[in-house]
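Notes follow the structure.
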């Protein structure tokens, strides 16, 4: 990886939360369907490529650009939190909600971007040891079951929101150093 590639990757990571907007959470169940599993696995590749393409449009040496990206990051963090609160209040697990959000964000990419990401993901999956994929699926499903049991034991929306606040702790209000 060249120094330019490394700098572009850092820049893409820095603006990721600003350019990848929260979407209405897709309703998913565990185990995921084959199609949703492939989209979930492809999301990292596709969304990072999208962020990389958007990074070229932003001059991080410009104070106004950095300010706009900071504001977009904070806004997207709050929108994401609100979507997750609503999903948990509706009886979804945090695992289920986050997975549905990631798939929805992936589905918002263009058809071309999705196809390219899926092709790369299929190549990556072929190289994975067979047991590793199943192990990850099982961990995801167990986490979902554990969270669902906890959420279902709660009686009020306020209790569910308190639960979410304990279990979902992103760096709210924090922005990457490159945007400071």
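The values are calculated or read from the model by the stated rules, or taken from the named source; none is laboratory data. Being a predicted model, the structure only gives us computed values, none of them experimental. Here the Cβ positions follow ideal geometry from the backbone for every residue, glycine too, while neighbour counts run over all protein chains shown.
Return the residue satisfying two criteria in turn: it lies in region 32-56 and is assigned to a loop (DSSP other than H, G, I, E, B) and either touching a helix residue (DSSP H, G or I) at 6+ places or on another chain (Cβ under 6 Å) or without any contact (Cβ under 8 Å) to a residue 60 or more places away in the chain (or both), and of such residues it is nearest to residue 93 (Cα to Cα).
Pass one, region 32-56, residues assigned to a loop (DSSP other than H, G, I, E, B): 32-33, 56.
Checking the rest, the ones that are also either touching a helix residue (DSSP H, G or I) at 6+ places or on another chain (Cβ under 6 Å) or without any contact (Cβ under 8 Å) to a residue 60 or more places away in the chain (or both) come to 33, 56.
On the way: 33: 17, 56: 36 Å.
Checked region 32-56; the qualifying residue nearest to residue 93 (Cα to Cα) is 33.
Conditions (1) surrounded by 15 or more Cβ atoms within 10 Å (Cβ to Cβ); (2) more than 16 Å from the chain's Cα centre (by Cα); (3) farther than 17 Å from residue 80 by Cβ; (4) touching a residue at least 24 places away in the same chain (Cβ under 8 Å), marked per residue:
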residue: 99; (1), (2), (3), (4): yes, no, no, yes
residue: 102; (1), (2), (3), (4): yes, no, no, yes
residue: 106; (1), (2), (3), (4): yes, no, no, yes
residue: 110; (1), (2), (3), (4): no, yes, yes, no
residue: 129; (1), (2), (3), (4): no, yes, yes, no
residue: 135; (1), (2), (3), (4): no, yes, yes, no
residue: 160; (1), (2), (3), (4): yes, yes, no, yes
residue: 177; (1), (2), (3), (4): no, yes, yes, yes
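Quick one: in region 61-79, which of the residues that are over 16 Å from the mean Cα position of the chain (by Cα) and surrounded by fewer than 16 Cβ atoms within 10 Å (Cβ to Cβ) is nearest to residue 25 (Cα to Cα)? Give the derivation first.
Start the filter on region 61-79 by keeping residues that are over 16 Å from the mean Cα position of the chain (by Cα), which leaves 61-71.
Filter once more, keeping what is surrounded by fewer than 16 Cβ atoms within 10 Å (Cβ to Cβ): 61-65, 67-68, 71.
Values: 61: 34, 62: 34, 63: 33, 64: 31, 65: 29, 67: 28, 68: 25, 71: 22 Å.
Selected residue: 71.
Please find, among 29, 2, the residue that is surrounded by fewer than 20 Cβ atoms within 10 Å (Cβ to Cβ) and either in contact (Cβ under 8 Å) with a residue 40 or more places away in the chain or touching a strand residue (DSSP E or B) at 6+ places or on another chain (Cβ under 8 Å) (or both). If you could, list the steps in order and put the result at the bottom.
Values: 2 fails: either in contact (Cβ under 8 Å) with a residue 40 or more places away in the chain or touching a strand residue (DSSP E or B) at 6+ places or on another chain (Cβ under 8 Å) (or both).
Result: 29 is the single residue among 29, 2 that is surrounded by fewer than 20 Cβ atoms within 10 Å (Cβ to Cβ) and either in contact (Cβ under 8 Å) with a residue 40 or more places away in the chain or touching a strand residue (DSSP E or B) at 6+ places or on another chain (Cβ under 8 Å) (or both).
Is one or more of the residues making up region 82-94 exposed (fewer than 15 other Cβ atoms within 10 Å of the Cβ), closer than 20 Å to residue 163 by Cβ and under 17 Å from the mean Cα position of the chain (by Cα)?
Within region 82-94, one or more residues are exposed (fewer than 15 other Cβ atoms within 10 Å of the Cβ), closer than 20 Å to residue 163 by Cβ and under 17 Å from the mean Cα position of the chain (by Cα).
Within region 73-180, which helices (runs of 4 or more DSSP H) (wholly inside it) include 1 or more residues that are more than 29 Å from residue 50 (Cα to Cα) and modelled with pLDDT under 95?
Details: elements: 94-107, 111-127, 130-152, 157-167.
Hits in region 73-180: 130-152, 157-167.
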